[in-house]
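Comments concern the structure below.
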Amino acid sequence: MKRLLKPLMTVLAVAALSIPAFAAEHDHGAAAAPASGKAAPVVGQAAPDFSATDIDGKPVKLADLKGKIVVLEWNNPECPFVVKHYDTKNMQKLQGEETAKADVVWLTINSSAEGQQGNLTDKTAKEYVTKSEAKPSHYILDPKGEIGTLYQAKTTPHMFVIGKDGVLAYAGAIDDNPTPRHEGVEGAKNYVRAAIEALEAGKKVEVATSQPYGCGVKYSTN
Amino acid sequence: MRELPLRPLKNLILPLLYICVMGVTPVFAQEAEGPHAQIRLVPERTEVKAGETIRIAVEQTLDEHWHTYWLNPGDSGVAPEIEWTLPEGFETADIIWPSPHKIPFGPLTNYGYEDHTILLQPLTLPANIPEGPLTLKAEVTVLVCKDICIPETSEHTITLNDGSNVDNTDVITAAEGMLPKAEGWPLTYSEANGNLSITLAPANPEAFSDIRIETLALIPEEWGLVDNSASVIASIDNNILTIRQKRGDRALGEIKELRTLITYTDTNGDYRGVSLMGSPSEEATQVAAPAAANSTPQTSFLTAIIFALLGGLVLNLMPCVFPVLSLKAISLSKMSEKEQAHAAASGFAYTAGVVLSFTLIAGILMALKSAGAQIGWGFQLQNPTVVYGLALLLFVIGLSLSGIFSLQGGFTNAGQKLASQSGLTGTFFTGVLATLVATPCTAPFMGAAMGYALTQSAFAGMAVFVALGFGLALPYLLLTLVPPLRKLLPKPGHWMETFKEFLAFPMYASAAWLVWVLAQQTGSMSVLAALLGFVAVAFAFWAWGRRPQQKTIRAFITLLIVVILGLGLTLGFGETFKKSNHHETPVASGMWENFTQARLDELLQGDEPVFVDMTAAWCITCKVNERVALDTPETRMIFTEKKIAALKGDWTNQNPEITKFLESHGRKGVPLYVFYGPRDSASGNRPAPAVLPQILTPAIVANAVQ
């Protein structure tokens, strides 16, 4: 017993060296996302991971979706720009088209803080999804703005497309016509559809970034 | 045909009339009433001739606290849109915008207008125009926001040449007064350290005379070039205005020239804007790269290997490592000539233990680095739990040396055990132990070597770590391989026992130092807990070997020991897990100011020299340097005389700003001393920053700052 004590101690100590080091890096709890510094995710680099629960209570973790194309859509049901895409059924059509494919996952994220415009509960969000006939794979409430801050989401809508390898392939506006007018949907070039098409064909995404347009995400103003 | 009943019709007449009037109103009126924005289109004049250009004022009157947007709306929102229906050949040019304001909302920032604003739309008539009145129609959509946004559309009609001969020049002139001025100041821009840096160098020495620099804002025309919410650092020096702001998400290469506004409040209290454009600066645009390989001092692979070897050698002299080495060395002196083969085996076993441990550490560091962690050598000591663990380890080894309890295997009995397998295993683990106790100590030479190792490829990095391990193991290895060296060792005798007990004290000293480091990191409460933990552990180890033989009492005592040990460890480690923000930042003690990147940038904008000291509580070399060379009256006098601003960065706990600074100089650990010379009045530039050696003497410091 004594003979083994010192070697055992030293091995344990060396192991102990590494564990706290990992602990220091991942010392947040089961919260939605490590609300880290202000650097936005960069197209061409790994999209930041996050965990969340959708309005049906199902857990969603970005890292688990590797191997699929993931679309992130920032949503605020009352923002006129979101209303433009939803009243014209433009968003639902795109959601439906894409989620019909086995390899695309669509996450709609609502980062409106409590007391701000567009803030929803699980119940009211479900009503919204049903009423608008929206077709996301998951609708996620992010009232603390953790995922929004992680992605530096600025507008509703603000779109991100993540490739099957987990690399961010597109970040920016949904299309090239930033008007709030409903007629702007027609004839507009949809960057999200184009990005997904390019990813599936193994081609380069032509427009990888664009200026996002919409209302500001209603983060807490505290 | 039946007669229509008249009475119901009469009742309908007024409402019908009302509806007709309201429905027809847009055709006549040029004003449209919206809930929050009133838009009015006012032509410069209504009498126009062919080929002329007139301006049409787009007047916005907004409810209080509501705003509309500029050409670049900022983080969100859209600029107003005007859809014109014009007679043949008429053309509109781009809107001319008055100076916008920065409008923050939570973490976002927009550029736009509140209250009352006039945009100007130029309209050019063709070479031939028909006789008679000309009708222009406009559909204006503005997004007007407070905390929520509402798009408001209004229809407008303007009639020109209708004989009314209205002159609205005063409206246009008022609008022109709010436009930013195109001063033509020469502008160059570049990117450095994650900032967009703009330099304006006009010939006119009075150009900046009315600027209140603290109110200056940078408002670019293009999106994504700067972080709209970041603060701007602006300074005027020798009639050159330098502006810096954190970069945005968009690659700077996407624009060929920069078109931007700067706005400020002038010395009269008026809000002003200046429109500027310029090209990238002639100097190479530094692309900010994290592990900036291009700004690393030229540490070649060979140099790094040599430095690592030397560093490892010197590590043997550190109080943490010295006892381990000396005891190992002493045990060799007990060996006879016959056991040379076994001696060699022992040497290799020890070296293997050391080198493998270093490889393991290197592997962990590289895995962490590729996972994106901001690590440097010594980072493990930024974690209080690790610090306490190491302190306990050193304390326990000290106890063993003092004879409180005895540890078998490898440590002191190498001479007897060399022949047996367990002896070699023990020696191997002694090597592991030596590495472990070496980690808190940073030897000179190691800084540059570690910096190189952690920024290069896995192979190169591993090689440097192996060299470091080899350096650490080298003295013992040489002793085992070169018998004549052993003759230099003192002959065995009673003194060995006393020497062994003596070596406990460097161990205790190292443990005490680590407890002090712990105090810096988590506060004085943890010191009490740590020391009580020590007492519990000491008791446990002492009592273990002295338990009575009698079965039941032995069992009871064993239980008691385990409980006390458990309590002690829980108490000691418990305090370290408390995520405490308490750490003694070296607050302006004497000449030292606390380091932040913002403060350094600010100081570097000025002319005076700046000295940066990156240190940590657990860095012995740092503390020695400060004692010997930096915190001396002579050095203080030199600093005062030369007006050197002194910044001290405390890396005792994680600090990403300091890590970035270290990396930008090719370093991954502390200490780091950087001196920025004063600005040369002739050229207007500072000399390149000078990095001082890791071991300082007062002379080195004095020479560097001359």
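Remarks
- Cβ-Cβ contacts under 8 Å between residues 6 or more apart (or on different chains), taken from a first residue in the stretch B:196-214 that is within 16 Å of B:Thr267 (Cβ to Cβ) to a second residue that is among the β-branched types (Val, Ile, Thr) and surrounded by 16 or more Cβ atoms within 10 Å (Cβ to Cβ), are listed as B:Phe208/B:Ile236; B:Ile211/B:Ile236; B:Arg212/B:Thr265; B:Ile213/B:Ile236.
- Residue identified as at pLDDT 70 or above and within 10 Å of chain A (Cβ to nearest Cβ) among B:Phe395, B:Phe429: B:Phe429
- Boolean, B:Glu584 is more than 30 Å from B:Ile240 (Cα to Cα), modelled with pLDDT of 85 or more and loosely packed, with under 14 Cβ neighbours inside 10 Å: no
- A:Val185 vs. criteria of a type in the set (A, V, I, L, M, F, W, C) and free of Cβ contacts under 8 Å to residues at least 40 places away in the same chain: no
- In the stretch B:546-574, the residues that are on the phi < 0 side of the Ramachandran plot reach residues that are in a loop (DSSP other than H, G, I, E, B) with C-beta atoms within less than 6 angstrom, at least six apart or across chains, in these pairs: B:Arg554/B:Arg547; B:Arg554/B:Pro548; B:Ile557/B:Arg547.
- Qualifying residue in the stretch A:142-154 (condition: within 10 Å of another protein chain (Cβ to nearest Cβ), among the basic types (Lys, Arg) and either surrounded by 20 or more Cβ atoms within 10 Å (Cβ to Cβ) or part of a loop (DSSP other than H, G, I, E, B) (or both)): yes
- Note on the stretch B:400-419: residues that are within 12 Å of another protein chain (Cβ to nearest Cβ) and either modelled with pLDDT of 65 or more or surrounded by fewer than 24 Cβ atoms within 10 Å (Cβ to Cβ) (or both) amount to 10.
- Subset of the stretch A:161-196 (residues that are aromatic (Phe, Trp, Tyr) and in contact with a helix residue (DSSP H, G or I) (Cβ under 6 Å, 6 or more places away or on another chain)): A:Tyr170
- Hey, B:Gly248 over 28 Å from the mean Cα position of the chain (by Cα), modelled with pLDDT of 90 or more, of a type outside the set (Val, Ile, Thr) and crowded, with 18+ Cβ neighbours inside 10 Å or not: no
- Residue list for the stretch B:132-145, filter: at the interface with chain A (Cβ under 10 Å from one of its Cβ atoms) and either touching a residue at least 60 places away in the same chain (Cβ under 8 Å) or farther than 27 Å from B:Pro43 by Cα (or both): B:Thr141, B:Val142, B:Leu143, B:Cys145
- Taken as a whole, the stretch A:114-129 holds at least one residue that is part of a loop (DSSP other than H, G, I, E, B), over 29 Å from B:Ser229 (Cα atoms) and free of Cβ contacts under 8 Å to residues at least 24 places away in the same chain.
- Unmet criterion (only one of (1) assigned to a loop (DSSP other than H, G, I, E, B); (2) away from chain B (no Cβ under 11 Å)) for A:Thr179: (2)
- Test result for B:Ala682, within 22 Å of B:Gln605 (Cα to Cα), surrounded by fewer than 21 Cβ atoms within 10 Å (Cβ to Cβ) and in contact with a strand residue (DSSP E or B) (Cβ under 8 Å, 6 or more places away or on another chain): no
- Criterion violated by B:Asn110 - all others in (1) surrounded by fewer than 21 Cβ atoms within 10 Å (Cβ to Cβ); (2) within 14 Å of another protein chain (Cβ to nearest Cβ) satisfied: (1)
- Residue list for the stretch B:180-208, filter: over 34 Å from the mean Cα position of the chain (by Cα) and either of a type outside the set (A, V, I, L, M) or buried (at least 16 other Cβ atoms within 10 Å of the Cβ) (or both): B:Pro180, B:Lys181, B:Glu183, B:Gly184, B:Asn204, B:Pro205, B:Glu206, B:Ala207
- The stretch A:190-215, subset at the interface with chain B (Cβ under 7 Å from one of its Cβ atoms) and closer than 18 Å to A:Pro41 by Cα, residue surrounded by the fewest Cβ atoms within 10 Å (Cβ to Cβ): A:Gln211
- Selection count, the stretch A:75-99, where residues are at the interface with chain B (Cβ under 10 Å from one of its Cβ atoms) and either buried (at least 21 other Cβ atoms within 10 Å of the Cβ) or in contact with a strand residue (DSSP E or B) (Cβ under 7 Å, 6 or more places away or on another chain) (or both): 5
- First in the stretch B:75-102 and over 23 Å from B:Asp115 (Cα atoms), second anywhere and of a type in the set (Phe, Trp, Tyr), Cβ under 7 Å, 6 or more apart: B:Thr92/B:Trp84
- For the condition modelled with pLDDT of 95 or more and either assigned to a loop (DSSP other than H, G, I, E, B) or not aliphatic (A, V, I, L, M) (or both), B:Glu139 qualifies.
- If you go through the stretch A:106-140 and keep only what is aliphatic (A, V, I, L, M) and either farther than 14 Å from A:Lys61 by Cα or surrounded by fewer than 21 Cβ atoms within 10 Å (Cβ to Cβ) (or both), you end up with A:Ala113, A:Leu120, A:Ala125, A:Val129, A:Ala134.
- Among the residues of the stretch B:654-679, just one is buried (at least 18 other Cβ atoms within 10 Å of the Cβ), assigned to a loop (DSSP other than H, G, I, E, B) and among the polar types (S, T, N, Q), namely B:Asn655.
The values are calculated or read from the model by the stated rules, or taken from the named source; none is laboratory data. All of these numbers come straight from a predicted model, not from anything done at the bench. Methodologically, a virtual Cβ is constructed for each residue, glycine included, from the backbone with ideal geometry; neighbour enumeration extends over all protein chains shown.
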